[in-house]
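These notes concern the structure reproduced below.
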Amino acid sequence: MNKKLFVISGCSGVGKGTVLKKFMSGNADNFMVSISCTTRSPRPGEIDGVNYFFVTKEEFINSINENKFLEYAEFAGNYYGTKKKFIKQKLEEGMNVILEIETQGALQVKKQMPEAVLIFIAPPSLEELEHRLRGRHTEDEASIQKRLNEVKVEFERSKLYDYVVLNDNVERAASELESITAKELSM
Ligand code: 5GP
């Protein structure tokens with residue numbers, strides 16, 4: 001069976017990480033979540049090579065110039081990108097690959113790989129989203145404001161996605177994700 005690339009996006013604080021974790025707990029045999037490169041600093045508990053490949057801005061720009069990224073974007077003051085080689089290798093190893101990336105990058109992926117499936121995780125409401133973002137206590141106020149400003153833009157871009165999943169409940173959203181991937185893989 002063909003292996004597929006799934007791209008999951010959602011506004012900061014929407015809980016896409018939790019939904020994805022739930023989904024992966026039952027699907028780790030066939031799916032893997034890609035590890036991105038970023039220039040942002042690790043948050044407490046984050047490990048280089050596990051959560052991200054943490055790189056300097058100079059290293060990131062060199063990789064851009066060497067055309068090593070399938071997609072990349074600047075988001076809330078930092079660079080984030082997916083290496084082509086990493087994705088190609090995982091698909092060849094027989095894994096379905098999930099990219100958890102923001103919307104600019106997702107639309108770049110769709111251009112280059114139209115067979116990629118784009119899924120947007122939407123929050124129940126904007127108030128709920130702000131509440132969750134502040135509750136994480138991982139960002140300072142300026143960073144929270146930047147992220148909230150991105151929300152509107154991300155919603156607009158979500159219209160170009162293949163699926164929108166409402167995260168009103170983690171179990172339900174994860175199970176919807178399960179149905180979508182199963183349907184896509186059977187096509
Ligand atoms: P965070 O700093 O909270 O880990 O991530 C910020 C945003 O960057 C999230 O929306 C996340 O999905 C996105 N992101 C993470 N890795 C990548 C990537 O490789 N490319 C793009 N375009 N966005 C990414």
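The values are calculated or read from the model by the stated rules, or taken from the named source; none is laboratory data. None of these values were measured; they are calculated from a predicted model. A quick note on method: Cβ atoms are made from the backbone with ideal geometry, for glycine too, and the neighbour counts reach across all protein chains shown. Calculation scope for accessible area: heavy atoms of the full protein, side chains included, ligands and nucleic acids excluded. Shrake-Rupley method; radii C 1.70, N 1.55, O 1.52, S 1.80 Å.
Worth pointing out:
- Whichever residue in the range 154-163 is closer than 20 Å to Phe75 by Cβ and either of a type in the set (A, V, I, L, M, F, W, C) or in a strand (DSSP E or B) (or both) and, among such residues, is least open to solvent (accessible area, probe 1.4 Å): Phe155
- Count - residues of the range 71-126 that are more than 7 Å from the ligand (Cβ to nearest atom), out of contact with any Lys or Arg (no Cβ under 8 Å at 6 or more places or on another chain) and in a helix (DSSP H, G or I): 12
- Top-ranked residue of the range 80-108 - restricted to ones that are buried (at least 21 other Cβ atoms within 10 Å of the Cβ) and among the β-branched types (Val, Ile, Thr), ranked as nearest to Asn62 (Cα to Cα): Thr82
- Ile180 vs. criteria aliphatic (A, V, I, L, M) and under 25 Å from Cys37 (Cβ atoms): no
- Matching residues in the range 45-66 - criterion: being out of contact with any Cys (no Cβ under 6 Å at 6 or more places or on another chain), assigned to a loop (DSSP other than H, G, I, E, B) and in contact (Cβ under 8 Å) with a residue 12 or more places away in the chain: Gly49, Val50, Asn51, Thr56
- Test result for Phe75, surrounded by 15 or more Cβ atoms within 10 Å (Cβ to Cβ), farther than 28 Å from Gly26 by Cα and touching a Ser or Thr at 6+ places or on another chain (Cβ under 6 Å): no
- Single residue of Val14, Val50 found to be more than 8 Å from the ligand (Cβ to nearest atom), modelled with pLDDT under 95, under 23 Å from Ala174 (Cα atoms) and aliphatic (A, V, I, L, M): Val14
- Selected residue (only one of Lys146, Lys183 is in a helix (DSSP H, G or I), basic (Lys, Arg) and under 19 Å from the mean Cα position of the chain (by Cα)): Lys146
- Checking Val19, Val7 one by one, the residue that is of a type in the set (A, V, I, L, M), within 13 Å of the ligand (Cβ to nearest atom) and either open to solvent by 50 Å² or more (accessible area, probe 1.4 Å) or more than 17 Å from Glu184 (Cα to Cα) (or both) is Val19 and no other.
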